[in-house]
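Every number here is computed from the coordinates shown, using simple stated rules; none is lab data. This is a predicted model, so every value here is computed, not measured. As a convention, Cβ positions derive from the backbone with ideal geometry for all residues, glycine included, and neighbour counts pool all protein chains shown.
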Amino acid sequence: MIDLQDKRVQMLEKSLRKLGFEKSALIEALHNAQEIFGYLDNDTLKYIATKLKLPASKVLGVATFYHYFRLKPKGKYTCVVCTGTACYIKGANQLIEALEKKYNLKMGQTLNDNSVTFLTSRCFGACAMAPAVVLNSQTIGFLNGQKIVDSVEGLRNKDEELS
Ligand code: FES
């Protein structure tokens, strides 16, 4: 379900407006959405289809045809680290290094237990909280390496307690 209060959705809407909501701008729209969200889930694809007045099947077809586009990752949760300018300046790389070291993986990969997929994005509108991450759809900011690892661990532990 698309949340219109979500800054990322507002950014996507703005970028679609800039493209004049043109059907021919579909690839650019998908590209922008992936830059904002880190991946393309069904709700985002449907949202783009509605805004560009295209059949959802066409939008899904294009998104799946091009390998560049990343559809919803296999992890139960996503941890999307912003690498936009403000976050980069405030140390996004340290967050990435801490996560890659802790979990012995690269961004774009998923933990072996499929609990979390780690991704990057290019600005999701939380620059004032840089460096920022969207973890399980929640934007958290003013992070450092330890804090982001703790947040991811907190999420994973919560899951274990419930199971
Ligand atoms: S640059 Fe990271 S949220 Fe804008």
Global size of the chain as Cα Rg and Dmax, reported in angstrom: 16.0, 48
Principal-axis tilt of helix 26-37 within the chain, Cα atoms, nearest 10 degrees: 20 degrees
Principal-axis tilt of helix 92-103 within the chain, Cα atoms, nearest 10 degrees: 60 degrees
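Sort largest first and round to whole Å: the equivalent ellipsoid semi-axes of region 77-162, each the square root of five times a Cα gyration tensor eigenvalue.
In descending order, the three semi-axes are 20, 13, 11 Å.
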Cross-link reach list, aspartates and glutamates versus Lys106, counting only Cα pairs under 15 Å and skipping chain neighbours closer than eight places: Glu97
Estimated D of region 57-122 in µm² per second, where Rh is the Kirkwood radius over Cα pairs and Stokes-Einstein applies at 37 °C, 0.692 mPa s: 251 µm²/s
Where labels lie 7 Å past Cα in the beta-carbon direction, separation of Asp41 and Ile89 in nm: 3.1 nm
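Arrange Leu52, Leu60, Leu119 by Cβ neighbour counts within 10 Å, fewest through most, would you?
Final ranking by Cβ density, sparse to dense: Leu60, Leu52, Leu119.
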Antiparallel DSSP beta bridges within region 77-162, as percent of all bridges there, nearest 5: 55 percent
Table column - 3J(HN,Hα) (Hz), region 39-46, Karplus curve with 6.51, -1.76, 1.60, x for Gly and Pro: 6, 10, 9, 4, 4, 5, 4, 5
In region 28-134, trypsin sites (Lys or Arg not before Pro) in a DSSP loop with at most 12 other beta-carbon atoms within 10 Å: Lys53, Lys74, Lys106
Förster radius 41 Å - calculated FRET efficiency between Thr50 and Ala128 (Cβ-Cβ, nearest 0.05): 0.85
Whichever lysines have a C-alpha closer than 17 Å to that of Lys147, once near sequence neighbours (fewer than 8 apart) are set aside: Lys90, Lys101, Lys102, Lys158
Partnerless Cys - the chain, beta-carbon criterion under 4.7 Å: Cys79, Cys123, Cys127
Calculated from backbone phi, Karplus (6.51, -1.76, 1.60) coupling profile of region 117-133 in Hz, x at Gly/Pro: 9, 9, 9, 10, 9, 10, 6, 10, x, 10, 4, 5, 10, 4, x, 10, 9
The chain: calculated mean residue ellipticity at 222 nm from DSSP helix runs of at least 4, using -39500 (n - 2.57): -15000 deg cm²/dmol
Candidates Thr110, Thr120, Thr64, ranked by Gaussian network fluctuation over the chain, Cα under 10 Å, top entry: Thr64
Max mean-square fluctuation residue, GNM over the chain, Cα-Cα springs under 10 Å, options Thr78, Thr50, Thr117: Thr50
Reachable aspartates and glutamates from Lys18, criterion Cα separation under 18 angstrom, eight or more residues apart if same chain: Glu28, Glu35
